[in-house]
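Step one of this worksheet: look at the structure below.
The values are calculated or read from the model by the stated rules, or taken from the named source; none is laboratory data. Please read all numbers here as calculations on a predicted model, not as lab measurements. Here the Cβ is made from the backbone with ideal geometry for all residues, glycine too, and neighbour counts use every protein chain on show. What goes into the accessible areas is simple: the full protein's heavy atoms, side chains included, and nothing from ligands, DNA or RNA. Shrake-Rupley method; radii C 1.70, N 1.55, O 1.52, S 1.80 Å.
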Amino acid sequence: MKKIDPCTLVLFGASGNLSRIKLMPGLFKLHKLGRLSDGMKILSVGRGEMSRAAWHAEIKGMMDAKYRDGYDHEAFAQFLERNHYHANPPTNPDAFKKMAATLGDEKVFPQNLAYFLSVRPSDFAEVVEKLSGVGLLDESKYWRRVLVEKPFGTDLATAQDLQAKLTKHLKESQIYRIDHYLGKAAVQNAMLFRFTNSIFEAFWNKDYIDHVQITNNEILGVGERTTFYDATGALRDMFQSHLLQTLAMVSMEKPADLKPENVRAAKIKLLQSIRPIDAKNINKQAFRAQYAAGRVCVGDGHGENVPGYQDELKRDNMPPSNTETYAAVKLFIDNPRWQGVPFYVRTGKRMHEGNTAISIRFKKAPMMLTEHQHHNWLIVNIQPRECLKFEIESKVPSLDVKTRTMSIDLAQRVAGDDSVDSYETLLLNLMEGDPSQFLHIDEVEAQWKLVDPIVKAWAEDKGPVHQYRAGHRDPEESSIIFESQDQFWRYSIELGGDKH
Ligand code: BG6
């Protein structure tokens, strides 16, 4: 357990959705687990005036909604002792001065300050400038860190612009750019299982691996988030950071050790070695589509009819658009380990199943008993189940010589394990001062450099976007990106998921 300095967590956007659903319940959990430092305080910042008692009642509402099966009320009463509220009305020019005065009370607030900016991305730079203006970023006596929610820019130029604005007031070491995928235990395991076992390194390369698929399929649609989503699209929403980071975790070279600077250096190197997609190859390397009305599975085998993306835009009085809800991209990594191995990265909303996985298909076996003999697969499943699964050919015990595919299933989670949300991990890392699971600016830039040309080409292409029925598998046409005819999308982790 790392030691955490006493600190104050200043939560901007404290009454927003993220705070209600993840941050406050997560902080309570950390409190209960004894992971917050003694004396650690939380100053929630909102636009409206509110008494401390009224804010405590709000927090209680959040816990009641989150922990429906009940929670420890004694621990909750102690947790409330940590919680304060500060009104920061945007119209009040003295709001930040007042905040500095509040935080300046050393008897109440530890002076190491961690800011969590869960605000509109267009407000990141302004909040930082104002904090700096009242001396709240000054590290001469205590540390000051700023966690910036996603997205960090909407393309390379805006990311660089935001970076320039932030670094007027902050050093790189003070900036924590979040990607909540890096807080997922299974994503962290995608790096760790390779380097904490001796058996993988020998075949983790182009000589043995045929291709890798990084998949995020969701059953959910865009829902109420049409305004955000239509300006963003699947490529920027999921691919630009969550999936490229997942790819980096499974393909990076071994860092010298797990020090933050070394983990990040190894990831930066990997991301910078992904070959940019040439404009003339975009139609062969990237495919987009949009969901049409259909029927999705809602658990217990029940189905539900759902509208298409265009219907949802119409419902919200928005014009029709070409924004993709499905994207599949083929990438190559130009380094000795991965030369020539395709990485297929795909994400879709309103698919037939909800699953996030890294699926690795190995090359043809040295002995093929039949033309259809399965390749070996290793699946690193991220959610809903966290596991590693190996699929291996094994002789059927009978008078004939034939094999069948058997699997070894290594559950990552066993009964009794903590169930930790990625935000809980990342909040703790922020307070510990461990940026290894946060993005360095070089990672952000490398990611935008890969994504920008595709976004641009798709924005310019006004032709109709391919439609797929909600609740169905990948559109057949997406197979245009496969390198060879015997490659196809891998589905669930169950045996047989490698069948078309
Ligand atoms: C968010 C995206 O960053 O990640 C959402 O904005 C997406 O569109 C979500 O659904 C997926 O996160 P998770 O943790 O549910 O896989």
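The distance linking region 223-291 with region 37-114 is 35 Å (Cα centroid to Cα centroid, whole angstrom). The magnitude of the dipole of region 284-382, with charges of +1 and -1 set on the Cβ of Lys/Arg and Asp/Glu and taken from the Cα centre, is near 420 debye.
Amide hydrogen proximity for residue 413: with H placed 1.01 Å from N in the peptide plane, the residues at 5 or more positions away or on another chain lying under 5 Å are 386.
Charge dipole of region 329-441 (Cα centre as origin; +1 on each Lys and Arg Cβ, -1 on each Asp and Glu Cβ, all else neutral): 760 debye, rounded to the nearest 20. Note on residue 431: accessible area is roughly 0 Å² with a 1.4 Å probe, heavy atoms of protein only.
Other residues with beta-carbon under 14 Å from the beta-carbon of residue 180 carry, at +1 per Lys or Arg and -1 per Asp or Glu, a net charge of -1.
Note that region 188-205 has calculated 3J(HN,Hα) couplings of 5, 5, 4, 8, 5, 5, 5, 9, 9, 10, 8, 7, 8, 3, 4, 10, 8, 6 Hz, one per residue in order, obtained from phi through the Karplus relation 6.51 cos²θ - 1.76 cosθ + 1.60 (θ = phi - 60°); glycine and proline are x.
The peptide list 177-186, 119-128, put in order of mean Cβ contacts within 10 Å with the highest first, becomes 177-186, 119-128. The antiparallel fraction among DSSP beta bridges confined to the chain stands at about 55%.
The phi-based Karplus calculation (6.51 cos²θ - 1.76 cosθ + 1.60; θ = phi - 60°) puts the 3J(HN,Hα) values of region 336-345 at x, 5, 10, 3, x, 8, x, 10, 9, 10 Hz, whole numbers, x for Gly and Pro. In order along region 372-386, phi translates into HN-Hα couplings of 9, 3, 5, 6, 6, 10, 10, 10, 9, 8, 9, 7, x, 9, 9 Hz, rounded to whole numbers, per the Karplus curve 6.51 cos²θ - 1.76 cosθ + 1.60 with θ = phi - 60° and x for Gly and Pro. Accessible surface of the chain, 1.4 Å probe: 53 percent of it comes from carbon and sulfur atoms. Treating only the Cβ atoms of Lys and Arg (+1) and Asp and Glu (-1) as charged, compute the dipole magnitude of the chain about its Cα centre; round to the nearest 20 debye. For this selection, approximately 260 debye. Normalised per residue, the accessible area of region 348-425 is 55 Å², obtained with a 1.4 Å probe and no contribution from ligands, DNA or RNA. Heavy-atom accessible surface of residue 173, to the nearest 10 Å², is about 80 Å², with a 1.4 Å probe and all protein chains retained.
Distant-in-sequence amide contacts of residue 353, defined by a placed amide H-H separation under 5 Å and a gap of 5 or more residues or a different chain, comprise nothing. Ranked by the mean number of other Cβ atoms within 10 Å of their residues, highest first, the peptides 276-282, 143-149, 473-479 come out as 143-149, 473-479, 276-282. Cross-link reach is defined here as a Cα-Cα straight distance under 29 Å, omitting same-chain residues fewer than 8 places apart; for residue 364 the lysines meeting it are 206, 254, 284, 330, 389, 395, 402, 499.
Solvent-accessible surface of region 205-309, taken per residue with a 1.4 Å probe and all protein chains present: 42 Å². Only one residue of 396, 454, 382 has its Cα farthest out toward the positive end of the dipole of region 370-500, where Lys and Arg carry +1 and Asp and Glu -1 on Cβ, and that residue is 396. Specify whether the C-alpha gyration tensor of the chain places it in the rounded, prolate or oblate class, a ≥ b ≥ c being the square roots of the eigenvalues: rounded for a/c under 1.5, otherwise prolate if a/b is larger than b/c and oblate if not. Prolate, because a/c is 1.5 or more and a/b exceeds b/c.
Overall shape: oblate for region 355-479, with the ratio a/c of the largest to smallest alpha carbon gyration tensor axis at 1.5 or above and b/c at least equal to a/b. Among the listed pairs 150/267; 66/259; 98/150; 41/66, those whose Cα-Cα separation exceeds 25 Å are 66/259; 98/150. Which distance in nm do the two modelled labels at residue 492 and residue 281 give, with both placed 7 Å along the Cα-to-Cβ direction? Between residue 492 and residue 281, the label points sit 3.5 nm apart. Near residue 291, the amide H atoms lying under 5 Å from its own belong to 309, 325, 468; only residues 5 or more places off or on other chains count, and H is placed 1.01 Å from N.
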